[in-house]
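The values are calculated or read from the model by the stated rules, or taken from the named source; none is laboratory data. Values in this document were obtained by computation on a predicted structure and should not be read as measured data. A quick note on method: Cβ atoms are made from the backbone with ideal geometry, for glycine too, and the neighbour counts reach across all protein chains shown.
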């Protein structure tokens, strides 16, 4: 039953973002920006709450605090290096100056690598509880939409047709499933690895929320925008906190 949930919400978290982003490309620019403006702060709140209220406390039940936060620290450094050296700096709009002449192959490989990590993170979330896993998957879905919009912009700028860009993004999105399958069968047999993967998933969520999403939120600084962003972030936190009340240890 757990594997069924993982497959379903793996599809939502990975390919759902690709299809939604492709659909948004057909909408007016203003509508795209308005939807992304709503998604980013909500996804940020959900990811931070998932990591700090759900994943890390779960790991602390098994590991010592020093060990937990040491792994978390290394995880954050790892994701920083992953973007700086191996992948590329994630972008959440289709207008990114630093991606003016990217190598399309690097973009696809980097996205596939990130989706693989998302798959492992989904497994770790579902091992805490099914409701928590569902919300964590939806948070990944919310994050993937603006990211995939950026990826489409990069590929189209590199000369890909819309159909080929869609096909390549779907291909990279499928990398979520090796992460899910490997995580499921590995963690099911090596229970001692569960807290470590949970901490790495926490590092992934925290890094995305603070390094990828937060800079985008700072681009709008009017009192109205700040109030709206905070409200959506708090809403994400409240939803996670509410669902965690139903988690039975």
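At a glance:
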| read-out | value |
| --- | --- |
| Number of the condition not met by residue 62 [criteria: (1) at pLDDT below 85; (2) not in a helix (DSSP H, G or I)] | (1) |
| Failed criterion for residue 220 (all others in (1) outside any loop (DSSP other than H, G, I, E, B); (2) touching a helix residue (DSSP H, G or I) at 6+ places or on another chain (Cβ under 8 Å) hold) | (1) |
| Residue, surrounded by the most Cβ atoms within 10 Å (Cβ to Cβ), within the range 191-224, restricted to residues that are farther than 27 Å from residue 62 by Cα and in contact (Cβ under 8 Å) with a residue 60 or more places away in the chain | 213 |
| Filter pass, residue 226 being touching a helix residue (DSSP H, G or I) at 6+ places or on another chain (Cβ under 6 Å), farther than 20 Å from residue 53 by Cβ and at pLDDT 80 or above | no |
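Per-residue answers, yes or no, for (1) surrounded by fewer than 22 Cβ atoms within 10 Å (Cβ to Cβ); (2) modelled with pLDDT of 85 or more:
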residue	(1), (2)
50	no, no
56	no, yes
74	yes, yes
98	yes, no
101	yes, no
116	yes, no
137	no, no
149	no, no
158	yes, no
